[in-house]
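The values are calculated or read from the model by the stated rules, or taken from the named source; none is laboratory data. Because the structure is a prediction, the values reported are computed rather than measured. Glycine gets a Cβ as well: all are built from the backbone with ideal geometry, and neighbour counts include every protein chain shown. Note: accessible area is taken over every heavy atom of the protein model, side chains too, but ligands, DNA and RNA are not part of it. Shrake-Rupley method; radii C 1.70, N 1.55, O 1.52, S 1.80 Å.
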Amino acid sequence: MNIVAASLLRAAVFAGMTLGASVAPAWAQEQPSAAVEQTGDVEPKQVPLNGKLVESFLAAWPEFDKLREKLAAQNPQTKAQENSTDQPESDEAEVGEAEDPIGALASYLDKPEAKAEIDAILKKHQFATYSDWADVAQSVLLAFGASDPEGGDTDLAEEKKKVQAEIQNDAALSEDEKQAALKDLDEQFAALESFQPLPGNVEAVKPYVAKIKALFGEDEN
């Protein structure tokens with residue numbers, strides 16, 4: 001049974017990009033500790049968005065992507081290690097990883113020369129730390145994934161109610177099977193809730209949807 005709306009699936013794919021780091025810019029929060037910045041291992045978190053943050057994300061992303069390509073070419077052993085330990089589970093995930101500088105660059109934060117290049121881009125676009133950039137990027141991508149101008153935003157609670165009703169009304173299922181299915185449903189929707197954008201973030205991103213699509217080449221698809 002497919003209980004995941006297309007927009008939420010896209011949000012989950014994009015969220016997978018940022019699991020290696022977290023982020024908010026200089027004007028948004030205090031700078032995290034040096035230990036946090038070096039590891040690139042912090043659980044990502046969402047931050048409230050505004051137009052200035054979204055524009056900074058749009059301006060920084062292409063530069064980070066070019067740097068990712070450059071560092072990957074200079075460090076083929078690092079790329080090989082990433083490929084051997086983090087194989088994509090779907091076509092969508094493979095596309096996401098190919099376009100994702102966030103998680104890839106986090107692995108270079110402990111390399112002084114690469115970190116200097118990363119820091120230069122961060123400073124140029126007013127991000128105090130790499131984790132700042134990563135949190136903003138995650139927040140933008142989740143909000144973008146949940147933005148569907150044609151279908152509207154997905155209401156998780158309503159979607160869950162619909163599937164619960166389908167399960168309860170399925171005469172082919174025994175009572176035990178229904179209870180097991182409902183339990184699975186609770187677990188799946190609990191996982192999906194972590195991909196729900198913060199209130200107001202979808203509205204902040206909507207004026208930039210076309211630019212974000214162009215950033216990932218979606219206009220060509």
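Summary of computed values
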{"read-out": "Theoretical gain in end-to-end length, Ala171 to Leu198 [0.36 nm per residue, Cα-Cα removed]", "value": "5.9 nm"}
{"read-out": "Probe 1.4 Å - accessible area at Phe195, Å² to nearest ten", "value": "50"}
{"read-out": "Lysines with Cα under 16 Å of Lys162, excluding same-chain neighbours fewer than 8 positions away", "value": "Lys178, Lys183"}
{"read-out": "Length gained when the stretch Lys162-Lys111 is fully extended (0.36 nm per residue, less Cα-Cα span)", "value": "13.3 nm"}
{"read-out": "³J(HN,Hα) computed for each position of the stretch 207-214 - Karplus, 6.51 cos²θ - 1.76 cosθ + 1.60, integer Hz, glycine/proline x", "value": "x, 10, 4, 4, 5, 5, 4, 5"}
{"read-out": "Heavy atoms of Lys66: accessible area, 1.4 Å probe, square angstrom to 10", "value": "140"}
{"read-out": "Under 21 Å from Lys70, Cα to Cα: lysines that are on another chain or at least 8 residues apart", "value": "Lys79, Lys111, Lys115, Lys123, Lys124"}
{"read-out": "Residues Asp155 and Gln179, FRET efficiency given R0 of 30 Å [Cβ-Cβ distance, rounded to 0.05]", "value": "0.75"}
{"read-out": "Inter-probe distance in nm under a simple model that places probes 7 Å from Cα toward Cβ, at Ala190 and Lys206", "value": "3.2"}
